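Here the structure comes first, spelled out in C-alpha cells, and everything after it is commentary.
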Amino acid sequence: MKLGGLLLLVVSQALLSESVDYEGKLFWNLFFRPERDVKFYLYTRRNAYAGQEVLSGDMNSVVKSTFNPKNPTKFLIHGWRGDYETTFNEKVSTEFLIKDDVNIFRVDWSTSAQTINYMTAARRVPGVGKVLGEFIDFLNANSAVDLNTVTIIGFSLGAHVAGFAGKNVQRGKVRAIIGLDPAGPLFNSKDAEGRLDYSDASYVEVIHTNMGMTGMDKLIGHTDFIANGGTHQPGCWTDSCSHHRAPQFYIESINMNPFWARRCDSHANIKRGDCKGELILMGDLNNATKNLTGIFHFNTNRNTPFSQSIPEI
C-alpha cells in the first residue's frame, strides 16, 4: 500500500471522533471561512449550561453577556468531527466552573471539523487559530482580558488550533496552553511554525497518551506529561481509545483526583522504568507560575477513576 493510502487508513481507523456528541453532521464544506464560521460561546456560573454567543469585534455582545473581565478566561477547543457541545467541552466547562469563578469560551469550528476528510480539517487548523488569536487580541485591546490570566485548552487537532492562536496573538503572550495529545498525522514534528510549540505561550503543557500513532511523537511543551509510557493506555484496545484518554485524564484532574507524575531525564528513561525525579501534579493550574520545565511520567488505572495514589518516594 502506498504511503498516502496508509496514512488515510491510519487516520480513518485510529483518530476517531467524539461521534457520540456529533449527531451525524458529516460534510465537507468547500466554502469554509474561519472569520465567519468560527464561533465563540461563553459559559460562566450565571449560565453554566447555556452558552451565549459573543462576536469578535463587537464589544456590545461582550457587555450584554455574562462575561466578567475581573475573572480568568479559558478557551476550550474541540478536535476533528467535534463541536462546542462535545463531551470534552461540556465536562471541562462543568469542572472548571465548580472549581473557580471563570469565563469559559467554547470555540466552535465544527463547520470545518465535521468532515469525513481529516486532511481538510487539518489544513484549516491555522485559519481557525488565527481567528481565535484575533479574538483574544480584541478582548485584550478592550480591557476585557488580561493575557496573564488566559489559558487555552485543546484536544487533538484542537491542540494545534491553540498553538496557532498563541502564535497569532499580537499584544503579548497568553499565560498558558494545555495540549491534550496533539494530533500527529500531517503535523511535522520538526516544523514548530506548523504545529503547537512551547514558544506559543508563556507556559505550554502537553499530555501524551498515543505518541507516534494518532498523537505527536515529539516532546513539544515546556512540560510534557507522558501517561503509561505514552503510546498505549491500560484498558484500551485501539489507538482512538488511547488518544481520548488525554481529555479524560485532564477532566478527572480538575476536581476529582490528582495525577502525580515523576520527573524523568529523558523519554528513554521512561521506557526503562527509570524515573527518579521530583513529583509534580499533571494539569495543576499553578504549573504555569513555577517556571516548570521537563519530562514527567505517570501511570493510571485501566478504568475510572484513572488516578492512582501518590507514587512511593
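Within region 262-283, can you find the residues that are at positive phi and surrounded by fewer than 14 Cβ atoms within 10 Å (Cβ to Cβ)?
Within region 262-283, the subset at positive phi is 273, 283.
Of everything in region 262-283, just one residue is at positive phi and surrounded by fewer than 14 Cβ atoms within 10 Å (Cβ to Cβ), namely GLY273.
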Any hit, region 252-259, residues being touching a strand residue (DSSP E or B) at 6+ places or on another chain (Cβ under 6 Å), under 20 Å from SER93 (Cα atoms) and part of a strand (DSSP E or B): no
Kindly evaluate SER189 against the criterion of being more than 14 Å from PHE105 (Cα to Cα), small (Gly, Ala, Ser) and surrounded by fewer than 24 Cβ atoms within 10 Å (Cβ to Cβ). yes
Exactly one of VAL102, VAL125, VAL107 is touching a strand residue (DSSP E or B) at 6+ places or on another chain (Cβ under 9 Å), closer than 19 Å to PHE187 by Cα and not basic (Lys, Arg), and that residue is VAL125
If a residue has to be over 22 Å from SER61 (Cβ atoms) and without any contact (Cβ under 8 Å) to a residue 24 or more places away in the chain to count, how many in region 142-161 make the cut? 0
Exactly one condition in (1) in contact (Cβ under 8 Å) with a residue 24 or more places away in the chain; (2) surrounded by 14 or more Cβ atoms within 10 Å (Cβ to Cβ); (3) over 17 Å from the mean Cα position of the chain (by Cα); (4) more than 21 Å from ALA183 (Cα to Cα) is not met by ASN255; state its number. (2)
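For a quick check of your reading: which helices (runs of 4 or more DSSP H) sit entirely within region 83-141 and have at least 2 residues that are touching a residue at least 24 places away in the same chain (Cβ under 8 Å), farther than 21 Å from PHE164 by Cβ and of a type in the set (Lys, Arg)?
87-99
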Within region 142-181, residues touching a strand residue (DSSP E or B) at 6+ places or on another chain (Cβ under 7 Å), in a helix (DSSP H, G or I) and surrounded by fewer than 24 Cβ atoms within 10 Å (Cβ to Cβ) come out as THR149
Which one of THR209, THR120 is among the β-branched types (Val, Ile, Thr) and touching a Ser or Thr at 6+ places or on another chain (Cβ under 6 Å)? THR209
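With the requirement that a residue be assigned to a strand (DSSP E or B) and either under 21 Å from the mean Cα position of the chain (by Cα) or loosely packed, with under 14 Cβ neighbours inside 10 Å (or both), what does region 37-64 give you?
LYS39, PHE40, TYR41, LEU42, TYR43, GLU53
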Regarding THR223, is this residue farther than 22 Å from GLU278 by Cβ and among the hydroxyl-bearing types (Ser, Thr, Tyr)? no
For residues in region 215-239 being more than 13 Å from ILE295 (Cα to Cα) and within 14 Å of the chain's Cα centre (by Cα), which is surrounded by the fewest Cβ atoms within 10 Å (Cβ to Cβ)? MET216
Taking region 191-211 and keeping only residues that are touching a residue at least 24 places away in the same chain (Cβ under 8 Å), part of a loop (DSSP other than H, G, I, E, B) and over 21 Å from ARG263 (Cα atoms), one is left with ARG195, LEU196, ALA201
Every listed condition ((1) touching a residue at least 12 places away in the same chain (Cβ under 8 Å); (2) over 19 Å from PHE296 (Cα atoms); (3) not hydrophobic (A, V, I, L, M, F, W, C)) holds for ASN228 save (2)
Tell me, yes or no, whether region 201-212 has at least one residue that is within 30 Å of PRO72 (Cβ to Cβ), surrounded by fewer than 22 Cβ atoms within 10 Å (Cβ to Cβ) and among the charged types (D, E, K, R). no
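No value in this document is a laboratory result; all are computed from the given coordinates. As the structure is a computational prediction, the values presented were derived from the model and not from experiment. Backbone-built Cβ (ideal geometry, glycine too); neighbour counts: all protein chains shown.
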